[in-house]
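See structure below.
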Amino acid sequence: MSHFAKVTDGKVTQVIVAEKEFFDTYVDSTPGEWIQTSYNTRGGVYFDNATNEPHADQSKAFRKNYAGIGFTYDEARDAFIPPKPYASWKLNETSCLWESPVPYPTTTGDERYVWDEDKKNWVVFTPES
């Protein structure tokens, strides 16, 4: 089975699992185009489904990222790009993933960090009591 994203005006509106032959007989009269997406591709790397490690055969990697509803399909890059999480983040042209202007901190214990857009930095996550 393959995965396909319905793209309308550059935005992913639906993602389905289907055989390629399905599109030979299926008539979809709604606006948009069905574009194949790779379930195991993230950041332009194809991952082994069993190990979650990069697969030896990278020819299976395509369209940079597995499509999700709300993603943009960039035809020039032939890539699915997730929604931009924060205004300050920049698109990595190689992976087509968004990156913070400050790298994620190296952790020394159990601390977790969240992005603070006002401070334009990572801050320690403290759950509300």
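Out of curiosity, is VAL17 open to solvent by 80 Å² or more (accessible area, probe 1.4 Å) and either part of a strand (DSSP E or B) or acidic (Asp, Glu) (or both)?
The answer is yes for VAL17.
Kindly indicate whether PRO103 is assigned to a loop (DSSP other than H, G, I, E, B) and exposed (fewer than 11 other Cβ atoms within 10 Å of the Cβ).
So PRO103 passes the test.
Within region 83-116, track down each residue that is within 24 Å of VAL12 (Cα to Cα) and either touching a Ser or Thr at 6+ places or on another chain (Cβ under 8 Å) or in contact (Cβ under 8 Å) with a residue 60 or more places away in the chain (or both).
Listed by number, the residues that qualify are PRO83, TYR86, SER88, TRP89, SER100.
Within region 59-79, track down each residue that is of a type outside the set (A, V, I, L, M) and open to solvent by less than 70 Å² (accessible area, probe 1.4 Å).
Within region 59-79, PHE62, ARG63, LYS64, ASN65, TYR66, GLY68, GLY70, PHE71, THR72, TYR73, ASP74, ASP78 meet the criteria.
Is it true that some residue in region 2-12 is open to solvent by 40 Å² or more (accessible area, probe 1.4 Å), of a type in the set (Lys, Arg) and over 25 Å from GLU117 (Cβ atoms)?
no
Count, please, the residues in region 80-89 that happen to be of a type outside the set (D, E, K, R), in contact with a strand residue (DSSP E or B) (Cβ under 8 Å, 6 or more places away or on another chain) and either modelled with pLDDT under 95 or part of a loop (DSSP other than H, G, I, E, B) (or both).
Qualifying residue count for the region: 5.
Six or more apart or on different chains, Cβ atoms under 7 Å: show the pairs whose first residue is in region 52-79 and closer than 18 Å to ASP9 by Cα and part of a strand (DSSP E or B) and whose second is of a type in the set (Val, Ile, Thr) and open to solvent by less than 70 Å² (accessible area, probe 1.4 Å).
THR72/ILE81; TYR73/VAL7; TYR73/VAL12; TYR73/ILE35; ASP74/ILE81
So, in region 29-43, exactly how many residues are closer than 21 Å to GLU75 by Cα and loosely packed, with under 15 Cβ neighbours inside 10 Å?
Here the count works out to 5.
The values are calculated or read from the model by the stated rules, or taken from the named source; none is laboratory data. In this text the structure is predicted, and so the values were computed from the model without any measurement. As a convention, Cβ positions derive from the backbone with ideal geometry for all residues, glycine included, and neighbour counts pool all protein chains shown. To get the accessible areas, we keep the full protein, side chains included, count just its heavy atoms, and leave off ligands, DNA and RNA. Shrake-Rupley method; radii C 1.70, N 1.55, O 1.52, S 1.80 Å.
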